[in-house]
Amino acid sequence: MDLSYSAEYESFREEVRSFLEKNADRAPKVGLLMSVGKPSQDLLAWQDLLIENGYAARNIPREYGGYGAAPDLLKRVIIDEEFNRAGMSRGMAGQGPDMLVPTLLEHGSEEQKKGWIRPSIRGETVWCQGYSEPGAGSDLANVQTRAVEDGDDFVINGQKIWTTTAHHSDMMFALVRTEPEASKHAGLSYILIPMKTAGIDVRPLNTMTGAAEFNEVFLTDVRVPQANVVGQRGEGWKIANTTLRHERNMLASSAQLEGSLLGLIALMQREQCNGVRAIDSPLLRDRLLRLQARVLALRYHDMRMLTARIKGERGGAASLVSKLAGCEVSHQIAALAIDVMGELGVLYEGSRYQRADGRWQFLYMFSLGLIIGGGTAQIQKNIISERGLGMPREPQSQTRR
Amino acid sequence: MDFGLSDEQKLLEQTLRRYLDEELPITRVRELVAEEPGNDGGHWKDLAELGVAGILVPEEHGGSGLSILDAAVAAESLAWNVAPTPFLGSAVMASVALTTAGSSAQQARWLPRIATGECRIGVAATELTSRREDAGVSERAGRLNGKSLMVLDATGADHFLVPVGQTGESLALVDAGARGLTCERLRTIDRTRGFAELVFDDAEVADWLGERGGAETAVCHMLNAGRIALAADILGASERAIELAVAYAGQREQFGRVIGSFQAVKHMCAEMVAELEPARALLWYAAHALDGQQEDAALMVAHAKAHLSEIGREIVRTATEVHGGVGFTDEQNLHYWFKRVGLDRQLLGGPDQLREQAALLQGWNTA
């Protein structure tokens, strides 16, 4: 264990700090939630500035439009710490930079990396994920969307669901069935689909939060070049699992939890009921402290996992728990915030007396969505017990189709 | 920067587990503690040779001169095998008190014998966190009066470390055979550690550590080091309980399948791991912060011990449920880990008290 900062790192921290001070007014406002909309001009300009200075796309090679720094855990931690402390936007987040780009780096052809990584990290190309289908939720390998070879193209027919940002995405990375004769898991391919292609119909899917964060995407005779397949045909399951691993990391960022916790602490120091501040109520305070311990544990767990990744060590069961643990804590933070506000905790839709733009109710519901999405909590437990602890797999009722 | 255990720390863990698996398997632990709670059967001397007894003793006094994080690694391994040792009292709390408060002459007098395992020190620290039954020790004309409950690592102790005064502001070492001292055994759920009540009736003091009335810093450091060792003990015991549960679920058959193939059982195991692994990182960080005497050390120690106490209790309970009826039997041995965690949780401040302390440290409970 060595958390010391040598002179090189101290001066790096100074660099980050002075960057943040100098550019404070250029930073777009950050909310509690990851952005699900089309990036604003402000955000795009901010993202360019971050990449230019090495605070976004830091380890992505220069030839693909990244900053091209060698991986350095400590610098990453320092950037996280300083941006969090300043409460400043980390730039673009979402399925393009956080999920597709790492997957392309691992499995993409040189041409795909050259073509897609640069616009994706700059937010010029917005991506959505075409995995889930009405009949392929937790049983994701049951994807039925068919891609049939026709000359140099695939012709795709089927339906995707839970497609975040599809309504303003330029591209979709999707899981489609290209080998109908192969077994369930071996018949899939990972393919990149331009959303402007004829035959794609996007319909918004309203959720309990009142916002349309998701969509249904209907694909009818959608023609996509075969060259858009990432990796080999039939390897889609393996590649999709790479993306899912990145998604699990993205959905459970401990920095986001720390931000929520700080918001909760501020709320409890401000909010009064019967003349008593929430933080002075022993019962509410105890709940806060229990959550604080969990957030701290996940913060150091992240650092441990990052160290293991950089050293190339296998994380074992420990590397699989962040999504399950983190999403639950996020939900519980919002739950306590609502309880702190008592009757007023239910105010919504911009109502008078509503606190923090109704953010806490939104987070409470949205984080429940995250507990279910990206592999439900129950699927996460299967993954932890089967892959992490080596327990017997679920009997497969249907291994061939 | 590197967040994790060093190669030396991993080696320490392997060495200890190998020794304990061979010399102190649960069957042997059972025999030893059936004779007397906390009976180490002479293994403490062997462990001293492996550097465990003197883990925090500086090298110039014959110890290993290692860190609190190293001690946490050792504690985790000892709990993995529910080893009956005076690790908490002698190797951690007394060693920290001596290195922090003791003069160089006192350190030279006590520490080398702690490191060889000859000298075993029980610690009367309960009243620092909870006074009950009119307990507490005070000084009159250089002698001690009063009583202390739940004195830890009392089995085989030749000396006791006794915080004296309202806030434990003085630290006394008392010979177990001192005139005016009576030691009454207390029996707990956990037979792997020995507890006692000490009654002082004008008892003689062998040595006052540092200045009388000026031991507050040392007492605070000793308590925090003890809490790290206890939290690490919970970590090791919980980890073993999970391993035993997973192994049992992989072998026990019901309804024509091993029970580990049922999601109801698998999910219990996944939940235990998902709780334990992040807590491990919190413990490492807290130990590291205490080693560096960082500003956030006391807060992190309070959180680490409170949090591990909460999840440890759930884990050993769940591991028992995974075993079904067999887990409830004496013969299955799982209850040794269950009870070890149950005891660790209560010592040196339970989770509720530690959370209140964490609040205080952040200026939250000022009302």
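The values are calculated or read from the model by the stated rules, or taken from the named source; none is laboratory data. All of these numbers come straight from a predicted model, not from anything done at the bench. All Cβ positions, glycine included, derive from the backbone under ideal geometry; neighbour counts span all protein chains shown.
Residues checked against (1) touching a Pro at 6+ places or on another chain (Cβ under 8 Å); (2) buried (at least 21 other Cβ atoms within 10 Å of the Cβ); (3) not charged (D, E, K, R):
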site	(1), (2), (3)
B:Asp40	yes, yes, no
B:Trp44	yes, yes, yes
B:Ala48	no, yes, yes
B:Val52	no, yes, yes
B:His61	yes, yes, yes
B:Asp70	no, yes, no
B:Ala74	no, yes, yes
B:Val96	no, yes, yes
With the structure loaded, tell me whether B:Leu24 is among the aliphatic types (A, V, I, L, M), surrounded by fewer than 22 Cβ atoms within 10 Å (Cβ to Cβ) and over 17 Å from B:Gly122 (Cα atoms) or whether it fails that test.
no
Per the list (1) within 17 Å of the chain's Cα centre (by Cα); (2) in the same structural domain as B:Leu161 (by TED's automatic domain parsing), residue check on B:Val199 breaks on (1)
Within the stretch A:209-227, the count of residues that are surrounded by fewer than 20 Cβ atoms within 10 Å (Cβ to Cβ) and modelled with pLDDT of 90 or more comes to 8
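Could you say which residue among A:Arg304, A:Arg299 is in contact with an Asp or Glu (Cβ under 7 Å, 6 or more places away or on another chain), part of a helix (DSSP H, G or I) and closer than 30 Å to A:Gly388 by Cβ?
Numbers: A:Arg304 fails: in contact with an Asp or Glu (Cβ under 7 Å, 6 or more places away or on another chain).
Only one candidate passes the filter, namely A:Arg299.
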* Asked: Quick check: anything in the stretch A:371-380 more than 30 Å from A:Asn241 (Cβ to Cβ), modelled with pLDDT under 95, in a helix (DSSP H, G or I) and not basic (Lys, Arg)?
  -> no
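Restricting to the stretch B:128-154, name every residue that is without any contact (Cβ under 8 Å) to a residue 40 or more places away in the chain, in a strand (DSSP E or B) and more than 17 Å from B:Ala196 (Cβ to Cβ).
Within the stretch B:128-154, the first condition is being without any contact (Cβ under 8 Å) to a residue 40 or more places away in the chain, and the residues that meet it are B:131-136, B:138, B:141.
Restricting the remaining residues to those that are in a strand (DSSP E or B) gives B:136, B:138.
B:Ser138, the sole residue that qualifies.
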Restricted to the stretch A:322-335 and to residues being within 14 Å of chain B (Cβ to nearest Cβ) and not polar (S, T, N, Q), the residue surrounded by the fewest Cβ atoms within 10 Å (Cβ to Cβ) is A:Glu328
Considering the stretch A:278-312, residues that are in contact with a Ser or Thr (Cβ under 6 Å, 6 or more places away or on another chain) and touching a residue at least 24 places away in the same chain (Cβ under 8 Å), and then whichever is nearest to the other protein chains (Cβ to nearest Cβ), we arrive at A:Leu298
Exactly one of A:Gly373, A:Gly345, A:Gly350 is away from chain B (no Cβ under 14 Å), within 27 Å of A:Gly210 (Cβ to Cβ) and touching a residue at least 40 places away in the same chain (Cβ under 8 Å), and that one is A:Gly373
Conditions (1) buried (at least 24 other Cβ atoms within 10 Å of the Cβ); (2) under 17 Å from the mean Cα position of the chain (by Cα) -> B:Val164 fails only (2)
Filter the stretch A:133-159 for residues that are part of a loop (DSSP other than H, G, I, E, B) and acidic (Asp, Glu); the one that is modelled with the highest pLDDT is A:Asp152
